[in-house]
Amino acid sequence: METDSGRVILAPNGTSSAFSIHHRDFPEIRAVGVSPKEAALHLANKLARALDSALTDWRRESLSHALADVNAFADQEG
């Protein structure tokens, strides 16, 4: 599966020194962490939970791609 970590949107959290993160295809699923990597790992957990409850093959496939993108982003953050 080809990944694109550019689809992961990272921004400073406006109210603290933390980071907010989401995947471009799933802006409703967001996570926050004190570092970009921690935020990405939290987002990966949320996407995995959403994957567990996905009802259609299309939704599962979309979530799987998003999860792979987020994991690639987390790996880049080291």
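Rule-based calculations on the coordinates, nothing more; no lab input. The shown structure was predicted, so the numbers you read here are calculated from the model rather than taken from an experiment. Cβ atoms come from the backbone with ideal geometry, glycine included; neighbour counts cover every protein chain shown.
Here is how the numbers come out for the structure above:
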{"read-out": "Among (1) out of contact with any Ser or Thr (no Cβ under 9 Å at 6 or more places or on another chain); (2) more than 12 Å from D69 (Cβ to Cβ), the one test that E2 misses", "value": "(2)"}
{"read-out": "Top-ranked residue of region 40-64 - restricted to ones that are crowded, with 17+ Cβ neighbours inside 10 Å and in contact with a helix residue (DSSP H, G or I) (Cβ under 9 Å, 6 or more places away or on another chain), ranked as nearest to G6 (Cα to Cα)", "value": "A40"}
{"read-out": "Subset of region 1-39 (residues that are within 17 Å of Q76 (Cα to Cα), among the polar types (S, T, N, Q) and surrounded by fewer than 16 Cβ atoms within 10 Å (Cβ to Cβ))", "value": "S35"}
